[in-house]
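Heads up, the thing below is written out as structure tokens.
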Amino acid sequence: MLRYDVVVIGSGPAGENGAIQAAFSGKKVALIEKEAVPGGASANTGTIPSKALRETALAIQQARSRDAHGIELRVSGTVTIPELMGRRGLVTGREHSRIRNALNHAGVEQFRGIASFVDPHTLRVSVPDGGAQELQADVILLAPGTRPFHPPQYPIDNAHVYDSDSILLLDRVPRSLAVLGGGVAGCEYASLFAALGVNVKLVDSKDRLLSWLDAEMSHALEEVFRSSGIDLHQQTRAAKIEPGAKDVLVTLEDGGRIVAQKVLVASGRVGNVEALNLPAAGLQATERGLLKVNAQFQTTVPHIYAAGDVIGFPGLASVSMEQGRVAMSHACGGVLKQRVSNILPMGIYTIPELSSVGETEETLKEQGRAYVVGRASLAENARANLVGEAVGFVKLIADAENGRILGVHCIGPHASELVHTGAAVMSHKGDLQYFIEAVFNYPTLGEAYKYAAYDALDRMRERREGNVWPFERPASRSQTP
């Protein structure tokens, strides 16, 4: 029996950062990882691999859209998906080294094996050679991550029908793809394969894609998808999937039928908790294998914490890192991280990117709070035109009385980077005047903030003058007064 102050299960973003936080608090820490390499889904099956393929697809799309006379771009018909993923191996390898070095530097002892509870303070680690080791700890952090959910009615065989992990194992770019599910993974893969020239059909049960976003952003993404050739089938589901010799027939609940060479099932994710023997610790997961926690990320057993994808929405690597840090800071008496910021930028790596932080128009309407909206079109932004992605806009939502920034929403090139400027201003309770006074490099995407701010000030002026205040206004670039 080995004793530790803290034992962490899982080396993904939440587990890695939670373990390091506990170690830096002076605790003796062990981390258990079942795979041969660290990093979880973020480094190995999801975030990094999918973004590697996206970068290639984006480069192809940008090259096609630029006015590059004399340059002809052609994608080989025999190219494989691993070849298109380009730098994935390099980036993933460096992530593995970074994580190991960070854990070693912090003094975290690492075990490879499958962890299961013996009792609320004891874990058995089943190692690959068939042996076992028991670890006892005062505090335990569960960060086992998630995997794609397989609806029982869908025959996911990784030959005709794939999930959001196995789709990256395709040996060739398919001529057509049916994507079932309009969540983050479904939308990202739909746009990625469309950029590669694949005939994509996207099926989603909701009335709009990514329905938790600001509605205008959802509709803007739908417009971009349609213009890129993606066939949207909304407010319906797949009732039956029938793989054939060459293609797959998908019958929809509304009676429609789709034929595609390959099918991607993107139906959300389920927690990796089966092996943990949770009842021995006094814990129970939901049907989707998720764990409920309080604001400090404690489960119903106070000394057992959980963080990352296994606690559900938003399931972002960036948020998971902070959850792990806050959980272990609370458990170990630290003062550095007391809470996860309520200003959480969310990046969605579709083509084009979409990112959001703060309030939406819908949440403000529900609160009965007066607001104004300012927009700046990226079609008129010099940098967006230079990179060959002159699409989308920056949207600011501000308090109608004092101009304080309440929400920032971007769709377009590098939106996941662009949104951070707005998030920083929000965190300091800044208002529209910051963007009016700020000097932005030219040409940059960031200068769109200034024009969106001028547009919002126009709406405030209209409101003060007693004109009708429009909740909805077509996107346009306001001119500097």
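Can you name the helices (runs of 4 or more DSSP H) wholly within region 384-464 that have at least 3 residues being of a type in the set (K, R) and touching a residue at least 12 places away in the same chain (Cβ under 8 Å)?
448-464
What do you reckon, is V179 among the aliphatic types (A, V, I, L, M) and not in a strand (DSSP E or B)? Reasoning before the result, please.
Numbers: among the aliphatic types (A, V, I, L, M): yes; not in a strand (DSSP E or B): no.
Answer is no for this residue.
Of the residues that make up region 325-344, is at least one outside any loop (DSSP other than H, G, I, E, B) and in contact with an Asp or Glu (Cβ under 8 Å, 6 or more places away or on another chain)?
No, that holds for no residue.
Scan region 32-53 for residues that are assigned to a strand (DSSP E or B) and either more than 24 Å from V127 (Cβ to Cβ) or not acidic (D, E) (or both) and jot them down.
Listed by number, the list holds a single entry, I32.
Need the failing condition index for S341 against (1) hydroxyl-bearing (S, T, Y); (2) open to solvent by less than 60 Å² (accessible area, probe 1.4 Å); (3) more than 19 Å from the chain's Cα centre (by Cα), just the number.
Result: S341 fails condition (3) only.
Quick check: anything in region 309-324 open to solvent by 70 Å² or more (accessible area, probe 1.4 Å), at pLDDT 95 or above and part of a loop (DSSP other than H, G, I, E, B)?
Checked region 309-324: no residue is open to solvent by 70 Å² or more (accessible area, probe 1.4 Å), at pLDDT 95 or above and part of a loop (DSSP other than H, G, I, E, B).
State yes or no: is R172 open to solvent by 50 Å² or more (accessible area, probe 1.4 Å), in contact (Cβ under 8 Å) with a residue 24 or more places away in the chain and part of a loop (DSSP other than H, G, I, E, B)?
yes
Filter region 239-266 for residues that are under 11 Å from V203 (Cβ atoms) and among the small types (G, A, S) and give the result.
Once the filter is applied, which keeps residues that are under 11 Å from V203 (Cβ atoms) and among the small types (G, A, S), region 239-266 yields A239, G256, A260, A266.
Which condition number in (1) under 20 Å from P279 (Cα atoms); (2) part of a strand (DSSP E or B) is the one that F111 fails?
The single condition F111 does not satisfy is (1).
If you scan region 175-199, which residues turn out to be of a type outside the set (S, T, N, Q), farther than 20 Å from G347 by Cβ and open to solvent by 40 Å² or more (accessible area, probe 1.4 Å)?
Answer for region 175-199, where residues must be of a type outside the set (S, T, N, Q), farther than 20 Å from G347 by Cβ and open to solvent by 40 Å² or more (accessible area, probe 1.4 Å): R175, G197.
Could you check region 136-169 and list, in sequence order, the residues that are buried (at least 22 other Cβ atoms within 10 Å of the Cβ) and in contact with a helix residue (DSSP H, G or I) (Cβ under 7 Å, 6 or more places away or on another chain)?
Across region 136-169, the qualifying residues are V139, L141, L142, A143, P144, G145, T146, S164, I167.
Let's see how each residue does on (1) over 21 Å from the mean Cα position of the chain (by Cα); (2) under 24 Å from S416 (Cβ atoms); (3) of a type in the set (D, E, K, R):
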position: P174; (1), (2), (3): yes, no, no
position: S191; (1), (2), (3): no, yes, no
position: A194; (1), (2), (3): no, yes, no
position: G197; (1), (2), (3): yes, no, no
position: D204; (1), (2), (3): no, yes, yes
position: D214; (1), (2), (3): no, yes, yes
position: M217; (1), (2), (3): no, yes, no
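So which residues in region 419-474 are open to solvent by 50 Å² or more (accessible area, probe 1.4 Å), modelled with pLDDT under 95 and among the aliphatic types (A, V, I, L, M)?
V468
Being without any contact (Cβ under 8 Å) to a residue 40 or more places away in the chain and not acidic (D, E) is the filter here; which residues of region 83-115 pass it?
Those that are without any contact (Cβ under 8 Å) to a residue 40 or more places away in the chain and not acidic (D, E): G86, R87, G89, L90, G93, R94, S97, R98, N101, N104, H105.
So which residues in region 14-31 are touching a Ser or Thr at 6+ places or on another chain (Cβ under 9 Å), surrounded by 24 or more Cβ atoms within 10 Å (Cβ to Cβ) and not in a helix (DSSP H, G or I), if there are any at all?
Answer for region 14-31, where residues must be touching a Ser or Thr at 6+ places or on another chain (Cβ under 9 Å), surrounded by 24 or more Cβ atoms within 10 Å (Cβ to Cβ) and not in a helix (DSSP H, G or I): just L31.
More than 29 Å from I436 (Cβ to Cβ) and open to solvent by 10 Å² or more (accessible area, probe 1.4 Å): is that true of S329 in this structure?
Details: more than 29 Å from I436 (Cβ to Cβ): yes; open to solvent by 10 Å² or more (accessible area, probe 1.4 Å): no.
Spelling it out, it is not the case that S329 is more than 29 Å from I436 (Cβ to Cβ) and open to solvent by 10 Å² or more (accessible area, probe 1.4 Å).
Please enumerate the residues belonging to region 32-46 that are among the acidic types (D, E) and open to solvent by 50 Å² or more (accessible area, probe 1.4 Å). Before the answer, list the steps.
First pass over region 32-46, keeping only residues among the acidic types (D, E): 33, 35.
Scanning region 32-46 gives a single hit, E35.
Can you tell me which condition A159 does not meet? The list is (1) aliphatic (A, V, I, L, M); (2) modelled with pLDDT under 90; (3) closer than 29 Å to G186 by Cβ; (4) over 23 Å from the mean Cα position of the chain (by Cα), and all the others hold.
(2)
Among the residues of region 354-397, write down those that are of a type in the set (D, E) and open to solvent by less than 30 Å² (accessible area, probe 1.4 Å).
So the first thing to find is which residues in region 354-397 are of a type in the set (D, E), and the list is 359, 361-362, 366, 380, 389.
Hits for region 354-397 are E361, E389.
The values are calculated or read from the model by the stated rules, or taken from the named source; none is laboratory data. A quick note: this is a predicted structure, and the numbers were derived from the prediction, not measured. Backbone-built Cβ (ideal geometry, glycine too); neighbour counts: all protein chains shown. All accessible areas refer to the heavy atoms of the entire protein, side chains included, with ligands and DNA or RNA removed. Shrake-Rupley method; radii C 1.70, N 1.55, O 1.52, S 1.80 Å.
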